[in-house]
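> Please see the structure below; I have some questions.
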């Protein structure tokens, strides 16, 4: 394995900037549900679902944002997105201090933050493979995923504590300097040119992205799981704060819940490196699917400690999948179309996020929703070996042809 010292300095700078932004996002993710519940016009689950849905809608812009990522120097995207996010959070925090922030303003913040975060993610996903060799990608993806999940552990705990110490507005404002760290780092990153110099054509770009996905059975299988996970995560984003309020200590228990998910993800990511020496990435993806189903089954029960345990198990499944699935996707997708393929993927996943936010607002028992998700994840785990076999058969036929 390539040693970490051989990774270029600009990768480490990028990693620090993205980690700081991830910490800011973690604080926001803890604060926003309780900011929403604290608004005078809040309607509980419906209002939280509205804010979550607003943050989901930018995923439908994935094809456009992916096209922008392919055709814009990445350091410019990182600079613009981080600075704009800091300004948006600053304005909303100050309005909240004055008691002037309406629910529509919070939804606007969720939408803008989601749009800018999606653009930065698309740019980063195309930026890192251009910096490194193919042999370095698994290591870099492990480091990136570990940092993205490790620092949010701090953010979730910090967010829950800050809500008690500083209140809603003060907690929002803490995220501002974290986004600005990435702004400063963006000025020092390697100035790579745009990956694609041709003029943008949104419809053609969308067709290109979908064509790559449609002709790869492996990517289609990964896409189905990604859609389901986005559906599940938005249901959890809406129902878990309410569950902690009804059966626990509210924001304090919700912070622990999020910390355990991220801790599980971090543990799963750390497990990938030693396991990958003995098992294939496809095997790890299959194991991760079953772990996800097991974790989801724990949400069928009401006690908060059961949810905490389920969160940790679910997180481990996510972590096992994170590095393996990202690396497999990077191996399949050509460099010059990665942004557009990712954009098409995000647009499809947005359907899952939107459906999750809508379903979470229905008057259906949480245990019923979690039971249905458990069965769906188990079904996808059963299908994975067949997907691998089908992809291998197609690859063999293409080689012979």
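> Can you give me the three principal axis dimensions of region 239-350 from its C-alpha atoms, in Å, biggest first?
In descending order, the Cα extents are 49, 34, 20 Å.
> Peptides 347-356, 63-72, 382-391: what's the order by average Cβ count within 10 Å, highest mean first? If you can, show how the numbers build up before the last one.
Values: 347-356: 21.2, 63-72: 24.1, 382-391: 15.4.
Going from most to least packed, we get 63-72, 347-356, 382-391.
> Run the Debye formula on the Cα coordinates of region 84-173, all scatterers equal and no solvent, and tell me log10 I(q)/I(0) at q = 0.13, 0.19, 0.25, 0.26 1/Å.
-0.61, -0.98, -1.23, -1.26
> Go through 317-326, 92-101 and give me the packing order, highest mean Cβ count within 10 Å leading. Don't skip to the end; give the middle numbers.
Details: 317-326: 25.2, 92-101: 16.6.
Ranking the peptides 317-326, 92-101 by packing returns 317-326, 92-101.
> Evaluate 2.2 N^0.38 Å with N set to the residue count of region 100-143, then give the Cα radius of gyration divided by it.
Cα Rg divided by the expected 2.2 N^0.38 Å: 1.77.
> Then there's this: Quick one, can you get me the convex hull of the C-alpha atoms of the chain expressed as volume per residue in Å³?
Taking the convex hull of the Cα positions in the chain, it is 131 Å³ per residue.
> Could you work out Rg/(2.2 N^0.38 Å) for region 1-123, with Rg from alpha carbons only?
1.22
> Further question on the same structure: Report the Stokes-Einstein translational diffusion coefficient (µm² s⁻¹, integer) for region 208-261, Rh taken as the Kirkwood radius over Cα pairs, at 4 °C with viscosity 1.567 mPa s. Intermediate results must be reported in sequence, preceding the final value.
Details: Rh = 13.2 Å.
It diffuses with D of about 98 µm²/s by this estimate.
> What order, most packed first, do the peptides 15-22, 134-141 have when packing is the mean number of other Cβ atoms within 10 Å of each residue? Display every interim value, and only then the final one.
Details: 15-22: 22.1, 134-141: 18.1.
So the order, starting with the most tightly packed, is 15-22, 134-141.
> Is it possible to state the helix-based mean residue ellipticity at 222 nm for the chain, with each DSSP H run of 4+ residues giving -39500 (n - 2.57), the sum divided by total residues, to the nearest 500 deg cm²/dmol? What is it?
My calculation for the chain gives -29000 deg cm²/dmol from helical runs alone.
Any read-out appearing in this document is the output of simple, stated calculations on the displayed coordinates, not a laboratory observation. Fair warning: this is a prediction, and the values are worked out from it, not measured in the lab. Heads up, the Cβs are rebuilt from the backbone with ideal geometry, glycines too, and the neighbour counts pull from every protein chain shown.
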